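Asks: The following block contains the structure, expressed as structure tokens.
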Amino acid sequence: MVKGLYIAHSAMINEQHRMDTLTNNLANTSTTGYKKEGATSQTFADALAVKIKDSSEWYLSRRMGNMQPGVKIGENYVDWSEGGFRETENTFDLALSDSGFFRIEFTDKAGNTSEKYTRDGSFTLTLQGTLVTKDGDYVLDTNGNHITLDPTQDATIDRQGNIFQGAGAAPVATIGITDFQRNETGTDYYFLEKYGENMYQAVEGATQIPSNAQIYSGYLEQSNVETVSEMVNMIAVQRQYEINQKIITTIDDSLENSVNQIGKLG
């Protein structure tokens, strides 16, 4: 009977994790280029099956130890589907039409610089003519260099990311975009993780590949979070959490009766 407390407790922890994921998605509904996350879980049967097939100890049987029945929090995943485009009529607001990322030179609070990647193309031109993100990080070109333009001249950007200033002039620079190899099904990236500030970073093992995306100037990609769907999921999570609360209350009442009633002498 007491194991039921652990099972219900693990389910409540899992629902709390799902709720945290859903609320984070809702908080980023209006974040440019944001990709929503989802949460996974593993049942006791799934975890047991992995343990039985574990060959790390030469297929020798071993006790389960302190492993408890119940649900286990799995890994979060990212939905990489594209969001809709919103027209801004701002030349330096850019959106990607396919998979891929803008290359950004990011500087942390300690002054360390590294290359990050983002779908958020809300860029701006400084008074010095340098193209930066809304947080002031440099946008890189195809060669990994800063993009510097003449701030006194109008600019146009074509679908390939070439930036032109002046009639008939050659491209001043080309917006740097890249992509990474995905898993076998093409639904997720193996070696790309969220860094924060709406950026991603490559981890060891990442392989960059050319992006087939076209760049649309004057548009921004919206978040792919569907507010109604997330709200419905939140209601379902809350109901599941309440059910497990009732299970714990019921078991607690049963234990109380066992101690206070059954143990009494007639």
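The values are calculated or read from the model by the stated rules, or taken from the named source; none is laboratory data. Note that the structure is predicted; figures quoted are calculated from it, not measured. Because the Cβ atoms are built from the backbone with ideal geometry, glycine has one as well, and the counts that use them run over all protein chains shown.
Asks: Considering only segment 134-183, state which residues are free of Cβ contacts under 8 Å to residues at least 12 places away in the same chain, in a loop (DSSP other than H, G, I, E, B) and of a type in the set (A, V, I, L, M, F, W, C).
Replies: Those that are free of Cβ contacts under 8 Å to residues at least 12 places away in the same chain, in a loop (DSSP other than H, G, I, E, B) and of a type in the set (A, V, I, L, M, F, W, C): ALA167, ALA169, ALA170.
Asks: Moving on to the next point. Could you say whether any residue in segment 186-209 is over 27 Å from ARG86 (Cα atoms), among the aromatic types (Phe, Trp, Tyr) and free of Cβ contacts under 8 Å to residues at least 60 places away in the same chain?
Replies: Yes; the residues of segment 186-209 include at least one that is over 27 Å from ARG86 (Cα atoms), among the aromatic types (Phe, Trp, Tyr) and free of Cβ contacts under 8 Å to residues at least 60 places away in the same chain.
Asks: Among residues belonging to segment 167-218 that are of a type in the set (Ser, Thr, Tyr) and closer than 24 Å to THR21 by Cβ, point out the one that is farthest from the chain's Cα centre (by Cα).
Replies: Pass one, segment 167-218, residues of a type in the set (Ser, Thr, Tyr): 174, 178, 185, 187, 189-190, 195, 200, 207, 211, 216-217.
Remaining after also requiring closer than 24 Å to THR21 by Cβ: 185, 187, 189-190, 195, 200.
On the way: THR185: 18, THR187: 13, TYR189: 11, TYR190: 13, TYR195: 9, TYR200: 9 Å.
Looking at residues that are of a type in the set (Ser, Thr, Tyr) and closer than 24 Å to THR21 by Cβ, I get THR185.
Asks: Also: Just one of the numbered conditions (1) within 24 Å of the chain's Cα centre (by Cα); (2) under 27 Å from SER229 (Cβ atoms); (3) in contact (Cβ under 8 Å) with a residue 60 or more places away in the chain is not true of GLY74; which one?
Replies: Condition not satisfied by GLY74: (3).
Asks: So which of GLU204, GLU230 ends up being under 22 Å from LYS116 (Cβ atoms), acidic (Asp, Glu) and either in a loop (DSSP other than H, G, I, E, B) or not assigned by TED's automatic domain parsing to the domain that holds SER97 (or both)? Walk me through how you get there before you give the answer.
Replies: Working: GLU230 fails: under 22 Å from LYS116 (Cβ atoms).
GLU204 is the lone residue from the list that is under 22 Å from LYS116 (Cβ atoms), acidic (Asp, Glu) and either in a loop (DSSP other than H, G, I, E, B) or not assigned by TED's automatic domain parsing to the domain that holds SER97 (or both).
Asks: Please find, within segment 100-127, the residue that is farthest from the chain's Cα centre (by Cα) out of those that are without any contact (Cβ under 8 Å) to a residue 60 or more places away in the chain and in a loop (DSSP other than H, G, I, E, B).
Replies: Restricting to residues being without any contact (Cβ under 8 Å) to a residue 60 or more places away in the chain and in a loop (DSSP other than H, G, I, E, B), the top hit is LEU127.
Asks: Same structure again: Among (1) at pLDDT below 95; (2) of a type outside the set (Ser, Thr, Tyr); (3) surrounded by 13 or more Cβ atoms within 10 Å (Cβ to Cβ), there is one condition ASP252 misses while meeting the rest; what is its number?
Replies: (3)
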